[in-house]
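Single-structure report; data block below.
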Amino acid sequence: MMSKYNTVLVGMDGSEEAKTAFQTACESAKNHEAGLVIAHVIDTRTFATIEQYDRTIVSRAETQAKDMLADYKQQAEEYGVSEVQTVIEFGSPKAKIPKDLAKSYNVDLIVTGATGLNKVERILMGSVSEAITRHAQCDVLIVRS
């Protein structure tokens, strides 16, 4: 028997792979009559090199994230997912998604794209999906485009 999921979490980073993962997350949430949490983690490490940690860049990243998540929330609701929440966090997606967000929202399935990052970043930092799989306390579904 297939297990029943109550809360599905999908991390969105703006990549094509994330869009594919989003569609799968919507499908899973709808099929299981589960809640959907659409998350975006603003990776603060990308701001570390900017002089004095420029607030305008951070707030612009936050505004773009809010717009993106509002758009995805609407798509999920139109698809028929009954309970949709969005969340923006700051930090490392590798730690925030499997540890903090999965716990705070009582997530039992995390859906993620296979890569998301470009090849150079992946070589240097390892993939986010790999870290999520390693650290998550719940099921993880890796979607390949």
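The values are calculated or read from the model by the stated rules, or taken from the named source; none is laboratory data. No experiment lies behind these values; they were computed from the predicted model shown. Note: ideal-geometry Cβ built from the backbone for every residue, glycine included; neighbour counts use all protein chains shown. When the accessible area is computed, the model is the full protein with side chains, heavy atoms only, and any ligands, DNA or RNA have been set aside. Shrake-Rupley method; radii C 1.70, N 1.55, O 1.52, S 1.80 Å.
For this structure, a couple of remarks:
- Residue-span extension gain [ASP71 to GLN23] - 0.36 nm each, minus C-alpha spacing: 16.0 nm
- Distance in nm between pseudo-label sites at GLN64 and GLN137 (7 Å out along the Cβ direction from Cα): 3.3 nm
- Between GLU130 and ARG45, the distance separating the two model label sites (each 7 Å from Cα on the Cα→Cβ line) works out to 1.2 nm.
- Per-residue SASA remark: LYS99, around 80 Å² accessible (1.4 Å probe; ligands, DNA and RNA not included).
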